[in-house]
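The values are calculated or read from the model by the stated rules, or taken from the named source; none is laboratory data. Source: prediction; values computed, not measured. For neighbour counting, all protein chains shown are included, and Cβ atoms are generated from backbone atoms with ideal geometry for every residue, glycine included. Remember, those area values only see protein heavy atoms, side chains included, never the ligands or the DNA or RNA. Shrake-Rupley method; radii C 1.70, N 1.55, O 1.52, S 1.80 Å.
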Amino acid sequence: MEIVLACAIGVLTACGVWLLLRPRTYQVIMGLSLLGYGVNLFIFSMGRLALDSEPVLAPGVPTDLAHYTDPMPQALVLTAIVIGFAMTALFLVVLLAQRGFFGNDHVDGREDAE
Amino acid sequence: MHLPLITLVALPFAGSLIAALLPTNARNAESTLAGVIALLCAVQVALLFPDIAAGQVIRQDIPWLPSLGLNFVLRMDGFAWMFSMLVLGIGALVVLYARYYMSPADPVPRFFAFLLAFMGAMSGVVLSGNLFQMVLFWELTSLFSFLLIGYWHHRKDARRGARMALTVTGAGGLCLVAGVVLLGHIAGSYDLDVVLAAGDAVRAHPLYRPMLVLVLLGAFTKSAQFPFQFWLPNAMAAPTPVSAYLHSATMVKAGVFLLARLWPVLAGTDEWFWLVTGAGLATLLVGGFAAIFQNDLKGLLAYSTISHLGLITTLLGLNSPLAAVAAVFHILNHATFKASLFMAVGVIDHETGTRDIRRLSGLARYMPVTATLATVAAAAMAGVPLLNGFISKEMFFSEAVFLAASPGIDRALPVVAVVAGMFSVAYSLRFTVEVFLGRDKCGALPRQPHEPPRWMRAPISVLVLACLVVGTLPQWSIQRILETAARPVVGVLPDFDLAVWHGFNLPLWMSLLSLVGGIALFFALRSPMRRGHLAKAPLIGRINGKRVFRSLLARLTLAGRHTRRLFGTRRLQMQLMLLVLVTLVAAAVPLRRLGSEALLAGGDRAMLEFSPMFALMWLVGAGAAIGAVWQAKYHRLTALALMSVAGLVTVITFAWFSAPDLALTQLSVEAVTTVLIMLGLRWLPKRLEDVGRSQPLRVRARARVRRGRDLSIALCAGAGLALLSWAMMTRSFPQSISPFFLERALPEGGGRNVVNVMLVDFRGFDTLGEITVLGVVALTVYALLRRFRPAPESAGLPPQQQALPADLVTDLVDPYSDEDPARGYLMVPAVLIRLVLPLAAMIAVYLFMRGHNEPGGGFVAGLVLSTAFIVQYVVSGTQWVEAHMDLRPQRWIAFGLLTATATGLGSFALGYPFLTTHTAHVSLPLIGDLHVASALFYDIGVFLLVVGATLLILTALGHQSVRGRRVRDNEEDERKEGAH
């Protein structure tokens, strides 16, 4: 299982980075989102994978990481998901404004900038 | 009764604020306010003298960041007392003088506000008991002196002079910061008392030299020591009261203040001797020599100030306690006679309209009192017996003679002292003889000269009287003050005798020699200068400090621009690539140490059993991600759909590995993001696929190289992160702080859902920041879209709607009509969706309420509710929704943020730090036991804000179609009108 998730993280990251380096604004937004998935999964995986651990405190279960999932990476990722949404929204609006302002969708606002 | 020390600093600043708010023409009110404040503080300081003279050190600690050991410390010993007296006493006199000097046309509120603020900053410098705090006030004096020098900002020379002063003293201030950091590091504390006691340790420390150089750079730039002296003459563009204040008693004295303040710590070494005495002597000679050849009265005084500061620096550099006492004495004397001289020049300027020595002559006939006062003050400056300047100069001469230093210095020092004395006699003569005596040339002056108003002359009289009293009765008048002031500097006071007459000894002969030599020099230079020769000082006149400074600045700017062109880029792709590359390198360096085999082999942690379903799912997910990459350029909607598939696979992964909270949140964010981007795509014109095909071969080849490069970077990044996560996941971690949260969540956070408790309690501050960001982003989006101009290609109706003939009768209802769109084919979804709204609200409340103990919480609940609202918009149209529901997302945001902050602040009321949670159990009929934590209210804030922010972002985008329609309608109307 670990290897599958590691590969998945790798593919998402590679896709994200590739799109990040593209010249079109929409590609960059897509890239950021894909990179976001990859990085969130990566942070999440830092708590180590567990199939049937308790996510919520249950009576009589000793409070250690052998019996519960690691809450810390989850809390961090939860924050990251929401912030990621906010950033996507902001970039999208900047993208639209830039398209209307410059008349093209190049990240630098100039077609010849490549 | 003594007021606390803080009033001496706070009162001027408070007065500055009040002065700034007074009306422009309130000259009397302004000057009264400033004068009363300065006088009040001065009297307050004067009353402290008996305590201070008894050796007491008054200290006031105001806790600021006690956990970091940072306090606001004010401390007054004898030396600080003397300086406070100078700053506040001369400040009061300058205010009185300025009342008459400033013309009614000048905006006086600004003047007095700056002057008072400067006074406060200066008191802050002299009273600081903490080095960092002193540096802070030091920088404030630079800042306010900049504002004061540039007061007449319509004048180019004022602007330039102010900028130069700020650049030089500001750069020096930065050096001083670095020096103080080092000094504090060496001494182990920034507290002045500790530092002053650590002299031996500091001098023996290996970092002593760099620290000394940095501190001296700060002091020398401020006190206009060679080679930084050039800013001071250029600062003479300031109004004369400013010059009288800044360049006699305060600003430039801050540098020598620092040298004397740190004298017990830094002095006593060879480095100190050579650097400080060297700079001091050079300044003494250069300043004195240049002063002789100035034709502007203020210029003459500026160079003489430089020269006298050089003298003080020299005295401090001699490593002799007696010389240090002389330095303290000369600080006092110079402040009195120089302030009065500046004021006298101001009077001359004010009453005759010029400050040019060549045009002034015989003024004594018209303003005899001023002439007498100025002559006495100038005589003090020259060191004529029976005046205060004579006594301190005599002390300098005797130090120069009796100092036991290396042989070269031993012999050179008395010669330099006499030569410098001659210079000062010569320029003092030039100041008095040329201006007040001689032929009457007043007919050619811009104004007919006469005596100034009595109160304008009063400050000069007071200061000159002080010069006389100190000069004739030193033991009676100044001995005790000097002892008090000098004791903290030198520690144990040496024997000194402030008598006027010491008998015929060597220093007296030196004094007489410099007097005679100075008179001879003056008469020798008089006739060539009258004939217009020697308009600039020989030898050094050609070196123009201003020009050197400007060319240096220009070169610096050029170098900066060059560097930016060399290393910077404005191209986003390049910047992002550099960012990724740096990240790659930063990650690769530590991983190399592990070795690739160890990385690939993984660790010893027991792995989970392989599940084909999971692998298959990620096969689809990865395929979708790659598909999204493939389609992102030309088929945006397809790319979005494919990306959502990858997102959903991520959601399932979270759920798979026991993270229900993440799965819930990611799922709802996924939905909202998809709607968001679809709304945006409406305004992004289609890209045509054949654009790049027709490009020349060379361009396409270059593009291929670029893609190859980017592909390899992307593959490296992906492989790197995969390897890293593989290596981490297969190893157990020895330590984690997570058990802490697991253990404390229930007893201290009062919730079973640890992730939620962390968000609203343990890491509540973090969440507050996060929701603030969310609110700010929503408002930014809203603001950006208010002025939004869509691309022209997308401004019209979408092609699908254009394809319909206008006369077609169809179920498709015009989405812009005000009617209820729930008709025809939209009837079923509209009704369903409206029924869903209360259900969704209920689910949101449910998710919210259980959030503390089960998966859920404010974030998810907020997203669910806003999704339900958005669906209403999608199906029923903007107009219908807003006609039927009063949603004001901005208010949701505001209330959310206020609720969260108020909950956090509530714990203050109970005496706990910000955001401490309190819990209570309540039993309610029907509902049963209810667990209420204050975190619940915090979560309500989060919920409200998430709803508001999401709604605001999405509806702002959605409103564009309404706006676009309106714009289109207007254009059509105009076209029709034009046709008619």
- Message: Please give me the summed charge of the neighbours of B:A400: other residues whose Cβ is under 15 Å from its Cβ, Lys and Arg +1, Asp and Glu -1.
- Response: -1
- Item | Within 10 Å of each Cβ in B:727-734, the average number of Cβ atoms from other chains | 4
- Calculate the mean, over all residues of peptide B:847-856, of how many other protein chain Cβ atoms lie within 10 angstrom of the residue's Cβ. 1
- Message: Can you work out the Karplus-derived ³J(HN,Hα) for every residue in region B:355-371? Use 6.51 cos²θ - 1.76 cosθ + 1.60 with θ = phi - 60°, whole Hz, and x for glycine or proline.
- Response: 10, 7, 4, 5, 8, 8, 6, x, 5, 4, 5, 9, 10, x, 5, 4, 4
- Query: Roughly how many whole Å is it from the C-alpha centroid of region B:294-315 to that of region B:91-162?
  - Reply: 20
- What residues qualify as long-range amide H neighbours of B:E854, i.e. H under 5 Å apart, gap of 5 or more or another chain, H built at 1.01 Å from N? B:N753
- Using only Cα atoms, locate the centre of region B:444-523 and the centre of region B:661-685, then give the distance between them in Å, rounded to an integer. 81
- Rg and Dmax of chain B, using alpha carbons, in Å: what are they? 39.2, 123
- Cβ-derived FRET efficiency at R0 60 Å, B:A458 paired with B:V845, nearest 0.05: 0.15
- What average number of partner chain Cβ atoms lie no more than 10 Å from the Cβ of the residues making up B:630-638? 3
- Task: Could you tell me the number of lysine pairs in the protein assembly as shown with C-alpha atoms less than 21 Å from each other, where the two lysines are 8 or more residues apart or belong to different chains?
- Result: 16
- Note on the structure: Rounded to 0.05, the calculated FRET efficiency for the beta carbons of B:Y825 and A:I83 at R₀ = 25 Å is 0.05
- Task: Starting from the Cα of B:A719, step 7 Å along the direction of its Cβ; do the same at B:I519; then give the gap between the two resulting points in nm.
- Result: 9.4
- Which whole-number value in Å² is the accessible area per residue of the protein assembly as shown, probe 1.4 Å? 43
- Item | Degrees, to the nearest 10: B:934-979 long Cα axis against longest axis of chain B | 80
- Take each uninterrupted DSSP H stretch in chain A, measure its Cα extent along the helix axis, and return the ones at 18 Å or beyond whose mean Kyte-Doolittle hydropathy is at least 1.6. A:2-20, A:71-102
- Provide the gained length on full extension for the span B:V469 to B:R565, in nm with one decimal, where the gain is 0.36 nm per separating residue minus the Cα-Cα distance. 28.1 nm
- Task: Any chance you could get the radius of gyration and Dmax over the Cα atoms of region B:367-462, in Å?
- Result: 18.2, 57
- Item | Other-chain or far-sequence residues with amide H under 5 Å of B:L70's (modelled H) | B:L65
- Could you state the angle between the C-alpha long axis of helix B:506-530 and the longest principal axis of the C-alpha atoms of chain B, as a value from 0 to 90 degrees rounded to the nearest 10? 80
- Query: What is the spin-label model distance, in nm, from B:I737 to B:T583 if the labels are put 7 Å beyond Cα along the C-beta direction?
  - Reply: 2.4
- For region B:428-436, take each phi angle, set θ = phi - 60°, evaluate the Karplus expression 6.51 cos²θ - 1.76 cosθ + 1.60, and give the result in whole Hz per residue in order, putting x for glycine and proline. 5, 5, 4, 4, 8, 4, 5, 8, 8
- Message: For a quick check of your reading of the filter: which chymotrypsin sites (Phe, Trp or Tyr not before Pro) in region B:551-657 sit in a DSSP loop and have no more than 12 other Cβ atoms within 10 Å?
- Response: B:F610
- Message: On C-alpha positions alone, give me the angle between the axis of helix B:131-149 and the longest principal axis of chain B, in degrees, nearest 10.
- Response: 80
- When the chain is fully extended, how far beyond the present Cα-Cα distance does B:L506 get from B:D61, taking 0.36 nm per residue of separation? 155.3 nm
- Between region B:358-393 and region B:214-261, what's the alpha-carbon centroid distance in Å? 23
- Note on the structure: Net charge (Lys, Arg +1; Asp, Glu -1) of residues whose beta-carbon lies under 13 Å from that of B:R526, B:R526 excluded, is +3
- Starting at the first residue of region B:577-585, write each ³J(HN,Hα) from the Karplus equation 6.51 cos²θ - 1.76 cosθ + 1.60 with θ = phi - 60°, in whole Hz, x for Gly and Pro. 5, 4, 4, 5, 4, 4, 4, 4, 5
- region A:28-114: relative contact order as a whole-number percent, Cα under 8 Å and 6+ apart: 27
- Query: Roughly how many nanometres apart are two label points built 7 Å out from the Cα toward the Cβ at B:A554 and B:L68?
  - Reply: 4.2
- So between B:V416 and B:E793, what do we pick up on full extension, going 0.36 nm a residue minus the alpha carbon distance? 127.5 nm
- Ignoring any ligand, DNA or RNA, what whole percent of the accessible area of the protein assembly as shown comes from carbon and sulfur when the probe is 1.4 angstrom? 67
- Rank by packing, highest mean first: peptides B:235-245, B:336-346, with packing defined as the count of other Cβ atoms within 10 Å averaged across residues. B:336-346, B:235-245
- Based on the Cβ-Cβ distance from B:A783 to B:Q575, what FRET efficiency comes out when R0 is 22 Å, to the nearest 0.05? 0.30
- Message: Show me the three semi-axes of the equivalent ellipsoid for region B:585-654, from the C-alpha gyration tensor (sqrt of 5 times each eigenvalue), largest first, rounded to whole Å.
- Response: 31, 20, 9
- Query: Just the Cα atoms of region B:268-494, one point each, no solvent: what log10 I(q)/I(0) does Debye give at q = 0.09, 0.10, 0.16 Å⁻¹?
  - Reply: -0.38, -0.46, -1.04
- Where in region B:101-131 is the amide nitrogen less than 12 Å from a point lying 7 Å along the Cα-to-Cβ axis of B:L21? none
- How much accessible area does B:F908 have with a 1.4 Å probe, in Å² rounded to the nearest 10? 120
